[in-house]
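Read through the structure below, which is laid out as structure tokens, and then see the notes.
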Amino acid sequence: MIFDVGGEKINVMIGENILNSFDKGKKYFIIYQNSLSNELDKVSSNLMDYDIYEAPDGEKAKDVDVALDIIKKMVEKGYTRRDAIISLGGGTISDLSGFVASIYMRGIDLINIPTTLLSMVDASIGGKNGVNFRGIKNVIGTFYQPRMIINDILFLKTLPKEEILNGMGEVIKYSIIMDKDLYNYIVNNKEEILNLNKDNLIFVIESSIKDKMKIVVNDVKETNGLRAVLNFGHTIGHAIESGSEFKIKHGFAISYGMACETQIGINEGIINEDIYYAIKNVLSLYKIEVKLNDIDINKALESIEKDKKRLNNKKIMIPLPISLGEFKIFTMDLDVIKKGFLKCLN
């Protein structure tokens with residue numbers, strides 16, 4: 001698939017055993033984490049000239065000092081704008097790699113190779129990149145599109161089931177908010193999807209990418225508010241993540257967030273309750289459950305207060321489904337969201 005995003009052409013590939021699509025005339029700087037050593041071998045064996053950079057594990061990779069260290073290494077190795085960066089991993093690495101690619105010599109080609117379902121359907125696409133500064137998350141960032149995204153489903157074969165379900169949280173989001181056909185597909189093909197059937201996985205990944213790109217191409221740099229729809233479930237979801245100190249995975253947290261935010265919309269009388277049952281149905285089908293025993297309520301509420309979609313200190317933009325596959329963006333008081341969240345916890 002080829003997408004035109006703000007005049008930039010993005011080649012998105014989906015398949016099995018497709019890690020052989022590289023320009024032999026380029027030099028590649030691969031950014032990865034230690035846990036992906038096996039995946040690194042699969043990529044590097046297809047390259048003629050490359051260097052590797054092992055970023056710290058977890059969120060520590062997304063620090064501005066790590067980005068500057070990468071730039072230092074690339075300068076020392078003589079990388080030019082004719083070369084490319086390969087991001088190998090999940091959302092943390094694609095954030096870091098995208099940021100470096102956007103500022104190195106005012107822009108160097110970026111190739112995203114996501115290794116998780118979550119990254120394939122969400123983090124690797126859209127062009128949003130960011131790093132942390134002095135503990136402040138994503139305070140430094142850019143919009144910069146990858147030249148190519150290679151989604152090789154072989155990477156998914158070695159993931160634990162929990163990671164597949166983590167990615168399905170974002171897939172379910174697309175299906176609820178903007179793709180009724182995808183909703184019906186994932187409901188009717190659960191066993192095949194969870195058993196990692198090739199054709200079913202490709203359909204799910206391709207549909208999710210198309211759904212996200214419909215939004216991205218019309219709001220490349222978040223200037224008209226349309227991208228807010230991609231944050232359905234994320235206000236409460238991010239609160240759950242923060243309150244659990246990120247012990248609860250992103251896809252699980254936003255799944256809870258979708259159900260809770262929809263319930264708030266129903267309580268406010270702005271959406272129909274039928275959509276709530278559609279959400280609960282698919283989450284129950286996939287057994288995507290969240291245990292909130294150890295969540296720090298104060299940290300969660302603080303996350304809601306700081307949500308990036310807030311319009312001022314009192315209101316926030318919340319996208320909600322008005323029917324299966326259709327959405328509308330509402331403006332709500334922060335206090336309504338916080339009270340609704342506390343009610344969801346009971």
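The values are calculated or read from the model by the stated rules, or taken from the named source; none is laboratory data. Keep in mind the model is a prediction, meaning the values are calculated, not measured. Ideal geometry is used to build each Cβ from the backbone, glycine not excepted, and the neighbour counts take in all protein chains shown.
The rows are residues; the columns are (1) within 30 Å of ILE164 (Cβ to Cβ); (2) in contact with a helix residue (DSSP H, G or I) (Cβ under 6 Å, 6 or more places away or on another chain); (3) β-branched (Val, Ile, Thr); (4) in a helix (DSSP H, G or I).
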| position | (1), (2), (3), (4) |
| --- | --- |
| ILE279 | yes, yes, yes, yes |
| LEU292 | yes, no, no, no |
| ILE295 | yes, yes, yes, no |
| LEU301 | no, yes, no, yes |
| THR331 | no, no, yes, no |
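For region 58-77, which residues satisfy the criterion of being touching a residue at least 60 places away in the same chain (Cβ under 8 Å) and surrounded by 14 or more Cβ atoms within 10 Å (Cβ to Cβ)? Across region 58-77, the qualifying residues are LYS62, ASP63, VAL64, VAL66, ALA67. Out of LYS299, LYS309, LYS315, which single residue is surrounded by 14 or more Cβ atoms within 10 Å (Cβ to Cβ), closer than 22 Å to VAL139 by Cβ and either in contact with a strand residue (DSSP E or B) (Cβ under 9 Å, 6 or more places away or on another chain) or modelled with pLDDT under 90 (or both)? Just one listed residue meets the conditions, LYS309. Quick check: is even one residue across region 170-186 outside the structural domain of ILE209 (by TED's automatic domain parsing), touching a Phe, Trp or Tyr at 6+ places or on another chain (Cβ under 8 Å) and not aliphatic (A, V, I, L, M)? Within region 170-186 (the criterion being outside the structural domain of ILE209 (by TED's automatic domain parsing), touching a Phe, Trp or Tyr at 6+ places or on another chain (Cβ under 8 Å) and not aliphatic (A, V, I, L, M)), the answer is no, since none of the residues qualifies. Checked against (1) modelled with pLDDT under 95; (2) buried (at least 19 other Cβ atoms within 10 Å of the Cβ); (3) closer than 27 Å to GLU59 by Cα; (4) more than 19 Å from the chain's Cα centre (by Cα), ILE271 passes all but condition (3). Given the structure, is LYS173 of a type in the set (Lys, Arg) and farther than 15 Å from LYS212 by Cβ? Against the criterion (of a type in the set (Lys, Arg) and farther than 15 Å from LYS212 by Cβ), LYS173 does not qualify. Do we find a residue being at negative phi, touching a Gly at 6+ places or on another chain (Cβ under 9 Å), in the same structural domain as ILE304 (by TED's automatic domain parsing) and surrounded by fewer than 18 Cβ atoms within 10 Å (Cβ to Cβ) anywhere in region 238-256? Taking every residue of region 238-256 in turn, none turns out to be at negative phi, touching a Gly at 6+ places or on another chain (Cβ under 9 Å), in the same structural domain as ILE304 (by TED's automatic domain parsing) and surrounded by fewer than 18 Cβ atoms within 10 Å (Cβ to Cβ). The strands (runs of 3 or more DSSP E) found entirely in region 1-67 that carry 1 or more residues being of a type in the set (Phe, Trp, Tyr) are 2-5, 28-33, 50-55.
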